[in-house]
Amino acid sequence: MSMKSATAPRQIYVRNAITHVCFEGKFFGPTGGETKLSLEHPVTIEKAASDGGRSRITVTQKRKGQKTMNETWRSVTVPRKARG
């Protein structure tokens, strides 16, 4: 399986109640767990400058007829539970 290019659009996922996106082999999620971005539309990602904490990215979503939305997300741990 090959990795997507850094500029390729990505999908936002929810697993175990954690909203996240995968970028450069890490999972990133919104600060506080809340996002205004739609799960239905793809996003583009840029690396954000470090502020001394966990890794950060800027997530951008463009939707037809609406203003472009930007959010800064941090790296998160997404637990994997066995399917029951």
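Observations
- Within region 64-84, restricting attention to residues that are among the charged types (D, E, K, R) and loosely packed, with under 13 Cβ neighbours inside 10 Å, the residue that is modelled with the lowest pLDDT is ARG83.
- Sub-9 Å Cβ pairs linking a first residue in region 15-32 that is more than 20 Å from LYS81 (Cβ to Cβ) to a second residue that is of a type in the set (Asp, Glu), at least 6 apart or interchain, are PRO30/GLU71; THR31/GLU71, ordered by first then second residue.
- Residues that are free of Cβ contacts under 8 Å to residues at least 40 places away in the same chain, in a loop (DSSP other than H, G, I, E, B) and in contact with a strand residue (DSSP E or B) (Cβ under 9 Å, 6 or more places away or on another chain), drawn from region 44-79: ALA48, ALA49, SER50, GLY53, ARG54, SER55, LYS62, ARG63, THR68
- Selection from region 2-36 of residues that are in a loop (DSSP other than H, G, I, E, B) and closer than 22 Å to PRO79 by Cβ: GLN11, ILE12, ASN16, ALA17, GLU24, GLY25, GLU34, THR35
- Residue among GLY25, GLY29, GLY53 that alone is surrounded by fewer than 10 Cβ atoms within 10 Å (Cβ to Cβ) and within 22 Å of LYS4 (Cβ to Cβ): GLY25
The values are calculated or read from the model by the stated rules, or taken from the named source; none is laboratory data. Please read these numbers as outputs of a predicted model, since none were measured by experiment. We place every Cβ from the backbone using ideal geometry, glycine too, and count neighbours over all the protein chains shown.
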